[in-house]
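Remarks on the structure that follows.
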Amino acid sequence: MQAQEIEVKGIKNGILVEVKNGDWKTQEKAVLQHIDQNQGFFEGARLVVDVGNRALKSPDLASLRNALSDREIKLWAVLSTSLVTERASQDLGLAIKVDQSMPEPEEDSINSLLEGDEAVFLKRTLRSGHKVKHPGHIVVLGDVNPGAELVAGGNIIVWGKLRGMVHAGAMGDTEAVVCSLDLSPTQIRIADKISVSPPKKGKARPEIAQLEDGQVTARDWSKFTKE
Amino acid sequence: MSAKVLTITSGKGGVGKTTATANIGAALAKRGQKVACIDADIGLRNLDVVMGLENRIVYDLVDAVEGRCRLNQAMIKDKYIPGLYLIPSAQTRDKTAVSPSDMIRLCNELRSDLDWILIDSPAGIERGFKNAIAPADEVLVITNPEVSAVRDADRIIGIVEAEEKGSPRLLLNRLNPEMVKQNNMLSADDVVDLLAIHLLGIIPEDKAVLISTNKGTPIALNEKSLAGQAYRNIAQRLLGEDVPLLDLDKGSGFFNRISSVFGSGEK
């Protein structure tokens with residue numbers, strides 16, 4: 001029953017793993033095992049580990065960090081109520097405080113990994129280096145800057161300027177669409193089709209992109225709605 | 001007194017972090033503030049060169065952290081401006097010689113008898129950068145009007161926000177109004193539009209900056225230079241005064257002169 005001792009949550013910019021009671025070495029193994037079983041979900045993630053009141057030393061944390069980086073996962077922060085652990089985290093250059101708030105749907109998404117009915121809503125600027133991966137839809141109220149990535153199982157809507165990389169229908173949905181007030185992504189992918197934005201002239205207009213005859217095609221929103 | 005810790009960082013190298021640190025430090029000290037500039041670029045130090053204090057270094061940041069000297073022994077007095085100090089970095093060590101908690105401890109020790117602690121961050125997003133932002137009360141992100149520099153600045157802003165340091169402010173360095181006019185350079189509006197943070201100041205491209213950094217005399221002390229004026233204005237804004245951005249087009253006529261020279265050469 002190891003799984004119940006570990007709780008996984010989506011938080012802003014990362015994934016939070018809460019490691020409940022139990023011997024650390026055993027729990028560390030359980031965490032890694034859990035990750036190995038859900039590779040696709042964790043790969044490339046920024047991980048925050050809440051170790052509760054355990055007093056862990058730098059070598060403990062370093063070994064966890066190394067094990068995670070072998071799996072392409074970055075250990076970002078270690079949360080703890082123990083001063084010893086906090087000190088050790090800081091020594092390794094890990095954060096000891098993170099914003100744990102997160103739109104609720106993200107948490108559900110873990111349980112409904114393949115459904116794609118849920119949407120995550122982000123009211124912020126997504127900057128270079130930010131990556132949002134969600135099995136459902138992604139709605140952003142803000143800009144998506146170059147170097148940021150959105151990957152959604154469903155549709156992607158950006159109420160702002162879209163200049164980063166977007167992938168809608170990432171699990172094969174060819175009906176997925178991408179809409180934005182200013183659709184100029186570095187790269188746009190829908191299902192398995194990849195395309196780059198043509199150079200734009202004139203003022204930005206809201207557009208919608210979707211697959212037409214196997215090609216990613218963008219259309220003016222105002223014309224689209226008249227059809 | 002309780003000093004405010006301001007970290008100057010950029011992501012990309014060569015955009016002017018060190019120059020900005022030296023000049024903002026000089027401009028603040030000139031206004032009667034007590035300022036320490038810390039070079040956090042361990043292994044690749046150059047704030048000492050830009051401030052012209054290279055030959056006065058006895059102890060450095062790593063000596064202070066490792067207890068080989070008292071903190072005030074590592075503080076070098078500036079040769080021009082009273083109230084300005086430099087804590088140089090070590091040239092023979094690397095970034096791992098200091099940890100983020102060392103930097104926090106060091107700054108806390110310094111806080112009580114200073115007004116400002118300016119930290120010159122190394123380029124990159126690794127350990128050295130983490131060291132530099134750990135003690136920061138505020139972060140100043142510096143960029144050039146160049147696509148690659150702006151991209152890195154955006155990444156840095158994202159990291160700073162994630163570390164819950166509040167929204168950083170922006171310093172746009174080496175803007176050439178003439179090139180902007182000809183649509184050959186990103187404008188201040190383009191950059192601010194993308195990065196969406198508060199613009200603290202714009203430093204115009206000015207050859208005099210390079211000359212002054214080579215000589216080790218801050219441009220901020222040069223009354224004739226437009227870039228120097230821009231740095232002095234930034235210091236005032238940091239002190240909470242409301243100073244409008246320089247009008248780089250008309251301002252001093254400096255750029256108009258330059259453009260007429262270019263104009264005649266083109267034909």
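Given the criteria closer than 23 Å to B:Ile104 by Cβ and either under 21 Å from the mean Cα position of the chain (by Cα) or charged (D, E, K, R) (or both), does B:Ala40 qualify? When the stated conditions are applied, B:Ala40 passes them.
Okay, residues lined up against (1) part of a strand (DSSP E or B); (2) basic (Lys, Arg); (3) farther than 28 Å from B:Ala196 by Cβ; (4) outside the structural domain of A:Ala148 (by TED's automatic domain parsing):
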{"site": "A:Val158", "(1), (2), (3), (4)": "yes, no, no, no"}
{"site": "A:Gly172", "(1), (2), (3), (4)": "no, no, yes, no"}
{"site": "A:Glu175", "(1), (2), (3), (4)": "no, no, yes, no"}
{"site": "A:Arg205", "(1), (2), (3), (4)": "no, yes, no, no"}
{"site": "A:Ala218", "(1), (2), (3), (4)": "yes, no, no, no"}
{"site": "A:Ser222", "(1), (2), (3), (4)": "no, no, no, no"}
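Yes or no: B:Asp48 free of Cβ contacts under 8 Å to residues at least 60 places away in the same chain and buried (at least 20 other Cβ atoms within 10 Å of the Cβ)?
When the stated conditions are applied, B:Asp48 passes them.
Within the range A:159-187, the set of residues being within 14 Å of another protein chain (Cβ to nearest Cβ) and β-branched (Val, Ile, Thr) comprises A:Thr186 only. Go through the residues of the range A:136-148 one by one and say whether even a single one is away from every other protein chain (no Cβ under 14 Å), under 17 Å from A:Ile11 (Cα atoms) and part of a loop (DSSP other than H, G, I, E, B). Yes, some residue in the range A:136-148 is away from every other protein chain (no Cβ under 14 Å), under 17 Å from A:Ile11 (Cα atoms) and part of a loop (DSSP other than H, G, I, E, B). Among helices (runs of 4 or more DSSP H) entirely within the range B:60-146, having at least 3 residues that are among the hydroxyl-bearing types (Ser, Thr, Tyr) and out of contact with any His (no Cβ under 7 Å at 6 or more places or on another chain) singles out no element at all. Assigned to a helix (DSSP H, G or I), crowded, with 21+ Cβ neighbours inside 10 Å and within 14 Å of another protein chain (Cβ to nearest Cβ): does that describe B:Asp193? For B:Asp193, the condition - assigned to a helix (DSSP H, G or I), crowded, with 21+ Cβ neighbours inside 10 Å and within 14 Å of another protein chain (Cβ to nearest Cβ) - is not met. Only residues that are outside any helix (DSSP H, G or I), touching a strand residue (DSSP E or B) at 6+ places or on another chain (Cβ under 7 Å) and under 21 Å from B:Gln91 (Cα atoms) were counted across the range B:16-43, and they come to 7.
Total residues in the range B:148-157 satisfying the condition of being buried (at least 23 other Cβ atoms within 10 Å of the Cβ) and facing chain A (nearest Cβ under 7 Å): the figure is 2. For the range A:1-47, enumerate the residues that are closer than 20 Å to A:Gly136 by Cβ, assigned to a loop (DSSP other than H, G, I, E, B) and not basic (Lys, Arg). Residues satisfying the conditions are A:Asn13, A:Asn38, A:Glu43, A:Gly44, A:Ala45. Look at the range B:94-106: where a residue is under 15 Å from A:Leu92 (Cβ atoms) and a partner is surrounded by fewer than 20 Cβ atoms within 10 Å (Cβ to Cβ) and among the basic types (Lys, Arg), sitting 6+ places away or on another chain with Cβ atoms under 6 Å, you get B:Lys95/B:Arg127.
Which one is surrounded by the most Cβ atoms within 10 Å (Cβ to Cβ) among residues in the range B:161-185 that are within 14 Å of chain A (Cβ to nearest Cβ) and modelled with pLDDT of 95 or more? Looking at residues that are within 14 Å of chain A (Cβ to nearest Cβ) and modelled with pLDDT of 95 or more, I get B:Pro168.
Give the residue that is nearest to B:Ile76 (Cα to Cα), with candidates limited to residues of the range B:29-46 that are hydrophobic (A, V, I, L, M, F, W, C) and touching a Lys or Arg at 6+ places or on another chain (Cβ under 9 Å). Please lay out each step first, then the result.
Looking only at the range B:29-46, we keep the residues that are hydrophobic (A, V, I, L, M, F, W, C), and these are B:29, B:35-38, B:40, B:42, B:44.
When the remaining residues are screened for being touching a Lys or Arg at 6+ places or on another chain (Cβ under 9 Å), the result is B:40, B:42.
Details: B:Ala40: 15, B:Ile42: 17 Å.
Only one residue fits best here, namely B:Ala40.
Contact map, the range B:230-248: first residue closer than 17 Å to B:Val5 by Cβ, second residue surrounded by 13 or more Cβ atoms within 10 Å (Cβ to Cβ) and of a type in the set (D, E, K, R), Cβ cut-off under 8 Å, separation 6 or more or different chains; pairs are B:Ala235/B:Lys30; B:Ala235/B:Arg31; B:Leu239/B:Arg31. Just so you know, in the range A:9-27 the residues that are touching an Asp or Glu at 6+ places or on another chain (Cβ under 8 Å) and modelled with pLDDT of 80 or more include one that is nearest to the other protein chains (Cβ to nearest Cβ), and it is A:Leu16.
The values are calculated or read from the model by the stated rules, or taken from the named source; none is laboratory data. Quick caveat, the model's predicted, so the values are computed rather than measured. A quick note on method: Cβ atoms are made from the backbone with ideal geometry, for glycine too, and the neighbour counts reach across all protein chains shown.
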